[in-house]
Amino acid sequence: MLASLFIQTGPASGGWTIYPPLSALGQASEGSKAGMDYWIIGMALFIISQLLGGLNYIATVLNMRTKGMSMTRVPLTIWALLFTAILGVLSFPVLLSGVVLLMFDRHLGTSFYLSDIYIAGQALANEGGSAILFQHLFWFLGHPEVYIIILPTMGIVSEVMSVNARKPIFGYMAMVFSMFAICVLAFLVWAHHMFVTGLNPFLGSVFVLLTLLIAVPSAIKVFNWLTTLWRGNIRFTPAMLFAIGFVSLFISGGLTGIFLGNSTIDIHLHDTMFVIAHFHIVMGVSAFFGMFCGIYHWFPKMYGRYMNNTLGYIHFWVTLIGAYLIFWPMHYQGFAGMPRRYLDKSSWVSFSQFHGLDAMITVVTVLVFAVQLMFVFNYFYSMYKGRRVRSLNPWGATTLEWTTPIRPGHGNWDGEIPEVHRWAYDYGKDGRDFIPQTEPIGEKESSH
Amino acid sequence: MEAICICLLYYWHYYWQRLRDAVEHFNNKKIFEVDIVSNEQHKRVHPHKFTLWVAIASIIMMFAGLTSAFIVKSNLTGWRTIVLPKIFWVSTIVILTSSVTMQMAIKAFKAREMQRYRSLMTVTVVLGLAFVVCQIMGFGELWDQNIRFKGSSGAGQFFYAIAGLHGLHVLGGVVALIVMVVRSLAGKSKLYSAVPAEVMGMYWHFVDLLWLYLLIFL
Ligand SMILES: [Cu+2]
């Protein structure tokens, strides 16, 4: 894909959804020529690597756990990665099938997606194809894909919250089952991206119902995160702040999803700035918050050094406030009907009221971006110059990775792979701050 | 039609026997236990086999995507149907036979009859290649019936795409088979482990069943 920036006709220009006919016909635009092929080949390679990676994750988690690590003792991060891999393995092949047909249309002149096309007054021979077919195949991946992005961060956030609230995660099995429910529903809602394609309104209402059902497992997760925090001994490390920020953004972005999931409201909000706001808060910023949370938390494990805390705090507050300043106003713009993907909206008088707002958004965006550069600096600086980690388990966590040496060698553990005797969330149990997973259950120990 | 019925009956019988074998195996040795909370490694399904099961699920999803596209499209106006050339029945019998020889090869491997194993594997390779050749000849016949890539959509274009992709999966299996034969000639196949052969057999039966599904479907 990067290579296509350097070819004569330029990179693919069909947007990230590469809808045909624009993507299927080289004559359609410069960006539909070789750049599109590069895009598709790049995507196919990505799909294959993600499939092989997913196979590895699933087989490893289900088949190669250490002694004593039953599935009910597995940390939630691993559960999340397992579900992510399952989603990927089952949904990406469908996109692959769609893309294969697209390649047929592009290079062999078939009519899977093409029908009744006129370019510059010339009628093409293609007949009987349906561009909507591609959208179905695309969104059958497209919706699970958003959970492929968010599920791992949900796992990370659950983990970091429990460690830094010094409390067991609230509702461990509920967390697992809600992730499972999200995975199942993920495959049944794709057409909510297609409410304005002329979809049968009855079918639309079915997809509305299924889409809104996802609010249930999502709400269970949010409830469990909040109850994990409730009366916890919270340590506000940068990782913990990003975990809490994640929950805040997930609520804000999730609620606007309910608006868009209703076909009646979606017809008005479709393709407006409201979609940008919803999607970037819930998929962009909150997914990034989950990743930042994981990086700050596991950095000491990865490099044997801490990241700078002050820079971490600045990073968090500027990003959180900045993200809300950027995306909150966009909801209002969307309600007012302002379309997305337009370079210049000045010819609409009705949107002139938003000029000031747009200017503010631009300034904040530059600022937030600068802070991300600061994070990158913090990362690489701390890799070499950060404060050294002196103890094996700086956060007082129960999970196995903190029983490895500070600088682990090949195979992670010096001796035998440790045996596991308990779940990953024994915090504040029987008057003890935490009990590692490797410690056998004591004789007089209470059950959790 | 009778041909397909006989094939299906034969196939059903064959798999029924396999299933009975498996159940017996399960009762005797418990190697089929997929207890996810079990702690003992050796009781679980071998990781390679398990990985292949997941991969098969993944491949099924791809063909499910293609065939559901086929269903949706076949209900639209302007759909053009095709009459399958007879040669596809030949290819069906060929691939069904190859599944049997594959299974016999695994049996020979387990009985440590390496010579027999190698020749049965070679027969499977030849049958696999024969299947691909038959498919290509079938495509040629369709092509001569003026079912082309260019122009209006229809079952023919789907058939080229779907059966073509299936053929690629068979070719992939043939390559893996050849690798296994060469390895065993070079004395590299682990005599004590039948897992690679079984994994190979699983994949081979899968592409076989996949073809039956596509055939009935298309
Ligand atoms: Cu969606």
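The values are calculated or read from the model by the stated rules, or taken from the named source; none is laboratory data. For clarity, every value in this text was computed on a predicted model and none was experimentally measured. Here Cβ is always computed from backbone atoms with ideal geometry, including for glycine, and neighbour counts include all displayed protein chains. Keep in mind that these areas ignore ligands, DNA and RNA; they rest on the heavy atoms of the full protein, side chains included. Shrake-Rupley method; radii C 1.70, N 1.55, O 1.52, S 1.80 Å.
Residues checked against (1) under 17 Å from the mean Cα position of the chain (by Cα); (2) over 22 Å from residue B:86 (Cβ atoms); (3) more than 14 Å from every other protein chain (Cβ to nearest Cβ):
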position	(1), (2), (3)
B:140	no, no, yes
B:175	yes, yes, yes
B:195	no, yes, no
B:212	yes, no, yes
B:216	yes, no, yes
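Being at pLDDT below 85 and closer than 22 Å to residue B:46 by Cβ is the filter here, so list the residues in region B:185-218 that pass it. Listed by number, the residues that qualify are B:188, B:189, B:190, B:191, B:192, B:193, B:194.
Listed here are the residues, each with its yes/no results for (1) among the hydroxyl-bearing types (Ser, Thr, Tyr); (2) touching a Phe, Trp or Tyr at 6+ places or on another chain (Cβ under 6 Å); (3) away from the ligand (no atom under 16 Å from the Cβ); (4) under 24 Å from residue A:285 (Cα atoms).
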{"position": "A:143", "(1), (2), (3), (4)": "no, yes, no, yes"}
{"position": "A:146", "(1), (2), (3), (4)": "no, no, no, yes"}
{"position": "A:149", "(1), (2), (3), (4)": "no, no, no, yes"}
{"position": "A:164", "(1), (2), (3), (4)": "no, no, yes, yes"}
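Which of the residues belonging to region A:95-112 are closer than 24 Å to residue B:146 by Cα, crowded, with 22+ Cβ neighbours inside 10 Å and facing another protein chain (nearest Cβ under 9 Å)? Once the filter is applied, which keeps residues that are closer than 24 Å to residue B:146 by Cα, crowded, with 22+ Cβ neighbours inside 10 Å and facing another protein chain (nearest Cβ under 9 Å), region A:95-112 yields A:101, A:110, A:111, A:112. Residues satisfying the criterion are present in region A:27-39 (criterion: outside any helix (DSSP H, G or I) and in contact (Cβ under 8 Å) with a residue 40 or more places away in the chain). Taken as a whole, the condition of being open to solvent by 70 Å² or more (accessible area, probe 1.4 Å), modelled with pLDDT of 55 or more, in the same structural domain as residue B:181 (by TED's automatic domain parsing) and not in a loop (DSSP other than H, G, I, E, B) does not apply to residue B:106. Counting only helices (runs of 4 or more DSSP H) wholly contained in region A:228-306, the ones carrying 2 or more residues that are aromatic (Phe, Trp, Tyr) occupy A:238-261, A:273-279, A:286-303.
Inspection of region B:152-165 identifies no residue that is away from chain A (no Cβ under 14 Å) and surrounded by fewer than 20 Cβ atoms within 10 Å (Cβ to Cβ). Each residue in region A:61-75 was checked for being closer than 11 Å to residue A:421 by Cα, of a type outside the set (D, E, K, R) and facing chain B (nearest Cβ under 7 Å), and 2 of them qualify. May I ask you to say which residue of A:92, A:6 is under 19 Å from residue A:132 (Cα atoms) and modelled with pLDDT of 90 or more? Being under 19 Å from residue A:132 (Cα atoms) and modelled with pLDDT of 90 or more holds for just one of A:92, A:6, which is A:92. Yes or no: region A:122-135 includes at least one residue that is away from chain B (no Cβ under 13 Å), open to solvent by 20 Å² or more (accessible area, probe 1.4 Å) and within 16 Å of the ligand (Cβ to nearest atom). The answer is no; no qualifying residue exists. From the list A:368, A:389, A:363, the one residue that fits, being within 24 Å of residue A:288 (Cα to Cα), surrounded by 16 or more Cβ atoms within 10 Å (Cβ to Cβ) and aliphatic (A, V, I, L, M), is A:368.
Scanning region A:175-214 for residues that are open to solvent by less than 40 Å² (accessible area, probe 1.4 Å), more than 13 Å from the ligand (Cβ to nearest atom) and part of a helix (DSSP H, G or I) yields A:175, A:176, A:178, A:179, A:181, A:183, A:204. Just one of (1) closer than 23 Å to residue A:135 by Cβ; (2) open to solvent by 60 Å² or more (accessible area, probe 1.4 Å); (3) more than 10 Å from chain A (Cβ to nearest Cβ) fails for residue B:86. It is (1).
Only one of the listed residues (A:222, A:157) is away from the ligand (no atom under 16 Å from the Cβ) and surrounded by 23 or more Cβ atoms within 10 Å (Cβ to Cβ). That residue is A:157.
Assess whether residue B:116 counts as being touching a residue at least 60 places away in the same chain (Cβ under 8 Å) and either open to solvent by 20 Å² or more (accessible area, probe 1.4 Å) or within 13 Å of another protein chain (Cβ to nearest Cβ) (or both). In short, no.
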